[in-house]
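The structure appears right after this line, and notes come after that.
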Amino acid sequence: MDELEFRRTLYADPNSTDEGVLAAIAEDPKKQEFCKELKQLDKNMHQASQVKVPDDLVNKLILRQTMQSHKSSKLRNRIQLAMAASVAFVVGVSFTMWQQNNLLDLSKQAIAHVHYEGDYALDAQENVSLQQVNAKLAKFGGKFSEDIGRVYYANFCDFENVRSLHMVVEGENGKVSVFVVPHDDNHLAEGSSRDTRYNSQAIDLKRASIIVVGEEGANINKMKEQLQRKIQFSA
Amino acid sequence: MFSRKQNSQASVSSDMANKQKRYEVLVLALHTDIFRYAYWLVKDKAVAEDIVQETFLRAWKSLDSLKDEKAAKSWLITILRRENARRFERKRFDLVDIDDVSVIDDQLSNEVEIEHRELRAIMASLSEEYREPLMLQIVFGYSGDEIAQQLNLNKNTVMTRLFRARNQVKEALDKANDDRGRKNG
């Protein structure tokens, strides 16, 4: 190992364990001295490098991380809260929509009702006076201001758990069933329905809905308009 | 269902407690070395402190990725060097020259302190490519291989830089001694 390489190696690492270097040191007291010097320099540099560390650095490091994790856990809580809120929101919205989808279509229900009752009401041959009809209508706060033609039947019935007035009146082409159903949140009282035998039309009035059901061919539209015109509800 | 939830929550918080403990051990064991490393990298105490804080914050966030505690030191140095590089992306700080700042270390006697101050100024005057491997060797006791690995350099390069670093330090010291000799004489 020549002088230059020796110095290079020791300069790069005074604690070199290179065999050539160690041998050279062992042989030559001057090199020993040189190595000692370098090690002393390293020691000095090491001491000089030991700058004072700020006293509060440890605390700062730990505190900052604690704040950080606190912040992120708060954020996590917020996210969880937001998720819960949106779930609740979706549940609320879909429940409302489900309820709306489940509204009872009165025009359909009226046809079903007529089918179910069969001929019991339709075959009735009473002659109910306007006063009697009005007396019953008074329950719903309504009355007919004019004669509505012959009334064969007028009685309270149960319309999907809502107490209603069921009438059978004389129409243009035969008997027409008329229902007066007080308002209920679950009712959808607009529109019309038909099946193989009956047509029906519903209309929403001030305090009750009127549904007119007639056989195919009966002019239920006219009946509906006539009733709508003649019925009056107290405020 | 509820009891399961509670259990998992309990294990989450015990995980957190574990992590916290691990982190604190890491801070206590290494913050001194890391701070000094940062200091010699940037030569400014305030900046070094900032970088060290950022470094440990990042370390906390990705503590789970540190599998081997023995690798913690070099892991932190890697983070710190990245933080330092990022600092230059953000903005260039006005670095304070080491000569202008008194780096106080009061335990030592005056004469030794003067010597150290001189040595510090010399070390600080080395360019970064020399200073950094030298500090890894002196402060952390890294071998040439370890330095090469840490700095992503090949070993020959590292050894050459170390040689030049010491060479420069020695020359500067000799020059300072000459100057002093002349002044005094």
Evaluate the following for A:I203: is it within 19 Å of A:R163 (Cα to Cα) and either touching a Cys at 6+ places or on another chain (Cβ under 9 Å) or surrounded by fewer than 20 Cβ atoms within 10 Å (Cβ to Cβ) (or both)?
-> yes
Within segment B:120-166, the count of residues that are at the interface with chain A (Cβ under 8 Å from one of its Cβ atoms) and over 22 Å from A:T17 (Cα atoms) comes to 2
Evaluate segment A:90-106: report whether one residue or more is farther than 30 Å from A:L205 by Cα and of a type in the set (A, V, I, L, M).
-> yes
Residue hits (segment B:119-128; out of contact with any helix residue (DSSP H, G or I) (no Cβ under 6 Å at 6 or more places or on another chain) and surrounded by fewer than 17 Cβ atoms within 10 Å (Cβ to Cβ)) are B:S125, B:S127, B:E128
All positions within segment B:70-81 that are touching a residue at least 24 places away in the same chain (Cβ under 8 Å) and either farther than 12 Å from B:Y37 by Cα or among the β-branched types (V, I, T) (or both) | B:A72, B:I77, B:T78, B:I79
Candidates A:E190, A:E172 - the one that is over 20 Å from A:Q100 (Cα atoms) and not aromatic (F, W, Y) | A:E172
Residues that are within 16 Å of the chain's Cα centre (by Cα): which helices (runs of 4 or more DSSP H) entirely in segment B:117-185 hold 2 or more of them?
-> B:128-138, B:144-151
Restricting attention to segment A:94-112, does a residue exist that is surrounded by 10 or more Cβ atoms within 10 Å (Cβ to Cβ), under 30 Å from A:L188 (Cβ atoms), of a type in the set (V, I, T) and at pLDDT below 90?
-> yes
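The values are calculated or read from the model by the stated rules, or taken from the named source; none is laboratory data. Everything quoted here is computed from the prediction, not taken from an experiment. Cβ sites come from the backbone with ideal geometry, for glycine too, and all protein chains shown count toward neighbours.
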